[in-house]
């Protein structure tokens, strides 16, 4: 991994788990795959300290452990490390979809990496009962609750306490992470919400929420293999494939067999990955009633009760009359892949909002969230590919689709669907609004919005079928590419004015052109575009190809062609985005140090709860400045992270 | 072509020389007409062909006529009398150059090709001669859009062909950017009117008012220094500000299945119909070039194979300053626009801790 990613991930680890963990993480990242003794040798830490740090990292799957050989080898997991920068965002995304309680549960889960359902329930109960800010993990490491995720530090809490009400003074025991959900919003609207304190009433309710999250794929059961590096997972799968799919002792030979090996390997990897998901239904016990929360989600399917799980049912011992009950021993974690899916939804909704209209974008959001439930990830590397496709057949693979009626069902009833729809000329006499707010009628209106999305030049939706009900899907791979291009264009526009963007789009559309062609097609003067073209080349957005007319390679006998390589620019901007995120984190630390005196004062146990008594006017002023600065930087951090999602996570390799 | 004097009345014809009679008859026809011997004979100025040839010879010698070739047979064109008179005063080289320029017609000729075509004339002589000819008003200098640095010469009375001066978007050999801007403006306004609907309903005004109230409330809250209430750098989120049409109502897209998005042809009709073009002739392919370019510029977008729609807010942008500010998280942060970002490194001369751009940016809107 590049220097920038390493730097960013190390900073994120430091923010979340403190210096020791960051030190260990940096060592493992720097050394690469290595056994424990080798790592300790490469580190300046003592063996005891190093192991201590490593344990934390393993718990959060930030370092993966290879167990294929006798000695364990360690490797960092970039995906999970980068996800540390998204904790606040994840909680918010979940909260927006499944309510505040779900957001809080996910936050609890994120704070412990992975957890048993029973532990989760206990820990969650604790949040609301215990008066201790820092939660203690099973392995004894204390989590530092600091701002990366938009979580409020205690300093900030102090301020919000004295500015609005004495909320933090009253229940100072509430973990900062619970509050993080209402601080920052993606679209940047300033919403001040005073959310009432909610408690998950019972374990049963908590299980119902967890079940919904499991079903939607937000949380997934943890498997032994999740702690292995990807290469090990592959090796393991390959050994299995060689054992079971090929003759013993005869490694595959020739292109055909090698191809078959790859196919089997993919299949095996897919199978191993998805087997946990079956587990999620089989380990669920359903009671006599279905959960009452069927408005936003399809009612949970009744799982078959088989003998094995029947045993665990009685073991769990929860009163089951409220519906779903999960196996208390089930270990779960948040799926980072699902987070990308939700982030993609946010970006696509943003497009609809920008190019079509607000109401339509709300319909689009509801539509995309329905699709989300059918999509565990943006891109499946182990997807089944027909080994020898019929070239005459055009195959449209639709992974997820939704009908307009379903969209109308889940869409917030307060959305005025007539808004944003032009009067249909067929009903000029004004009887479009026949007033009936029935589901059928709303479905029709939803369909009109979705048709508008599909007719947009970006084709945000595509027609799937109309067997009785009209169904639609979304071409995600194409739109992911569009999002990349769109972000590149916006970056270019803000750096090189509109003309730069125009030239980039021109070259994207026409391919390689010499300067004269660029000028004539772009309808501008050559002397105007020359400096912009070369600046854009220097910044890496454009490239120049030389084609000599003869062997002398003299400049005057050479054709120079400008071109634009989207993937190159994407990679370039991705690196820049990682670097920018690292800089923002460093700046936050620097700002914190500048106000450290005041922050530490506010964090003192005797000051807490008595802010008005002990904090001077200057203290309050400085603390206010600090929290605003931090918030501003954190929001920016999240926005840069959105960009990383677009450039890296939504697309396949 | 200089307009020939009106043909003298027939009564005077007998008093004129046969040469003049022939010239006037030729001049009565449209300029640039090519005459074959048969055409001239049909004018019945002379009694026999020998007489005619004699007169033609005289005219050629006095520069009133120009000999050309057509399928091996000779044919002729007349020159204006003033030009012929001027040519009489020219020296041999000047005449040679004039003939070379004349031969290229509306295609004009580059000085270098002129030099090679007229043989071994030195550069200085050529320059002097060209200057002299220009002073006499026989030729003019133009520039070619394909080779903007080269000097081209053409007869004073001719207009260079379109591939040299470059269609309606060019003026004086350069792109007429003002014209392009003006036409783009008309196009955007027209296309927006045709491709978006202004929503004139009270319900919606209410919605805007609600949104405005929400935004204002948020701003008030920000002013009251409540830290949680500043979730973003901009207190007014750009996406929630509806794009307004020409009458101040929010714009909504035409319903799905709308068939009447403006096409290149209909936009051209509108421009021509508006009468703003004066004497400029605009062809569909010229306009197509402009439209393509406006698509690249993010002002228009294609709807289907033929139609166009304005990108939401494109017209509002040209009406007022661009306050819709579309930027991503990267370019809004100081790093995205940092001129020394590549040197930025922890512990280096440029770093996040001592960054002046961050300080400046953080000081804004706090």
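The values are calculated or read from the model by the stated rules, or taken from the named source; none is laboratory data. Quantities reported herein were computed from a predicted structural model and do not represent experimental measurements. So basically every Cβ, Gly included, is an ideal-geometry build from the backbone, and we count neighbours across all protein chains shown.
Inside segment B:89-111, can you point out the residues that are over 27 Å from the mean Cα position of the chain (by Cα) and more than 14 Å from residue B:133 (Cβ to Cβ)?
Residues of segment B:89-111 over 27 Å from the mean Cα position of the chain (by Cα): B:89-100, B:103.
Passing the criteria: only B:103.
Can you give me the ranges of the helices (runs of 4 or more DSSP H) entirely in segment B:165-281 with at least 1 residues that are out of contact with any strand residue (DSSP E or B) (no Cβ under 7 Å at 6 or more places or on another chain) and at pLDDT below 65? So that I can check it myself, show each step before the final result.
Numbers: elements: B:177-195, B:202-223, B:264-274.
The helices (runs of 4 or more DSSP H) meeting that bar are B:202-223.
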(message) Scan segment A:99-109 and tell me whether some residue there is touching a strand residue (DSSP E or B) at 6+ places or on another chain (Cβ under 7 Å) and assigned to a helix (DSSP H, G or I).
(response) yes
(request) Determine which single condition residue B:263 fails, assuming it passes every other condition in (1) in contact (Cβ under 8 Å) with a residue 12 or more places away in the chain; (2) more than 30 Å from residue A:494 (Cβ to Cβ); (3) within 14 Å of chain A (Cβ to nearest Cβ). (result) (3)
(message) Return the residues of segment A:517-527 that are surrounded by 13 or more Cβ atoms within 10 Å (Cβ to Cβ) and part of a helix (DSSP H, G or I); say none if nothing qualifies.
(response) A:517, A:518, A:519, A:520, A:521, A:526
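Being in contact with a helix residue (DSSP H, G or I) (Cβ under 8 Å, 6 or more places away or on another chain), surrounded by 16 or more Cβ atoms within 10 Å (Cβ to Cβ) and within 10 Å of another protein chain (Cβ to nearest Cβ), is that true of even one residue in segment A:528-539?
Of all residues in segment A:528-539, those in contact with a helix residue (DSSP H, G or I) (Cβ under 8 Å, 6 or more places away or on another chain) come to A:528-530, A:532-533, A:535-536, A:539.
Still in the running and surrounded by 16 or more Cβ atoms within 10 Å (Cβ to Cβ): A:529, A:532-533, A:536, A:539.
Cutting the leftovers down to within 10 Å of another protein chain (Cβ to nearest Cβ) gives us A:539.
Yes: one or more hits.
Mind telling me which of the residues A:491, A:558 ends up being over 39 Å from the mean Cα position of the chain (by Cα) and not assigned by TED's automatic domain parsing to the domain that holds residue A:344? If you could, list the steps in order and put the result at the bottom.
Values: A:491 fails: over 39 Å from the mean Cα position of the chain (by Cα).
One residue alone meets the criteria, A:558.
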(message) Going through A:368, A:261, A:325, A:265 one at a time, which residue ends up being surrounded by 15 or more Cβ atoms within 10 Å (Cβ to Cβ), modelled with pLDDT of 90 or more and on the phi < 0 side of the Ramachandran plot?
(response) A:368
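Residue-wise test of (1) surrounded by fewer than 23 Cβ atoms within 10 Å (Cβ to Cβ); (2) modelled with pLDDT under 90; (3) part of a loop (DSSP other than H, G, I, E, B).
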site: A:584; (1), (2), (3): no, no, no
site: A:598; (1), (2), (3): yes, yes, no
site: A:609; (1), (2), (3): yes, yes, yes
site: A:612; (1), (2), (3): yes, yes, no
site: A:647; (1), (2), (3): no, no, no
(message) Go through (1) surrounded by 16 or more Cβ atoms within 10 Å (Cβ to Cβ); (2) more than 13 Å from every other protein chain (Cβ to nearest Cβ); (3) modelled with pLDDT under 85 for residue B:326 and report which single condition fails.
(response) (2)
(message) I'd like the full set of residues that are within 17 Å of residue A:638 (Cβ to Cβ) and more than 8 Å from every other protein chain (Cβ to nearest Cβ), limited to segment A:549-581.
(response) A:574, A:578, A:581
(request) Pull up segment A:416-444, narrow it to residues that are modelled with pLDDT of 75 or more and within 11 Å of chain B (Cβ to nearest Cβ), then point me to the one that is surrounded by the fewest Cβ atoms within 10 Å (Cβ to Cβ). (result) A:416
(request) Just name the residue that is modelled with the highest pLDDT out of those in segment B:299-316 that are surrounded by fewer than 19 Cβ atoms within 10 Å (Cβ to Cβ) and part of a loop (DSSP other than H, G, I, E, B). (result) B:306
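Hey, could you check segment B:329-347 for residues that are over 43 Å from the mean Cα position of the chain (by Cα) and modelled with pLDDT under 85 and say which is surrounded by the most Cβ atoms within 10 Å (Cβ to Cβ)? So that I can check it myself, show each step before the final result.
Kept after step one, since they are over 43 Å from the mean Cα position of the chain (by Cα), are these residues of segment B:329-347: B:343-347.
After this cut, where a residue has to be modelled with pLDDT under 85 as well, the list is B:346-347.
Values: B:346: 12, B:347: 6.
My answer is B:346.
Determine, yes or no, whether residue A:53 is at pLDDT below 90, buried (at least 19 other Cβ atoms within 10 Å of the Cβ), out of contact with any strand residue (DSSP E or B) (no Cβ under 9 Å at 6 or more places or on another chain) and part of a helix (DSSP H, G or I).
Details: at pLDDT below 90: no; buried (at least 19 other Cβ atoms within 10 Å of the Cβ): yes; out of contact with any strand residue (DSSP E or B) (no Cβ under 9 Å at 6 or more places or on another chain): yes; part of a helix (DSSP H, G or I): yes.
Spelling it out, it is not the case that residue A:53 is at pLDDT below 90, buried (at least 19 other Cβ atoms within 10 Å of the Cβ), out of contact with any strand residue (DSSP E or B) (no Cβ under 9 Å at 6 or more places or on another chain) and part of a helix (DSSP H, G or I).
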(message) Tell me yes or no: at least one residue of segment A:68-77 is surrounded by 20 or more Cβ atoms within 10 Å (Cβ to Cβ) and closer than 24 Å to residue A:642 by Cβ.
(response) yes
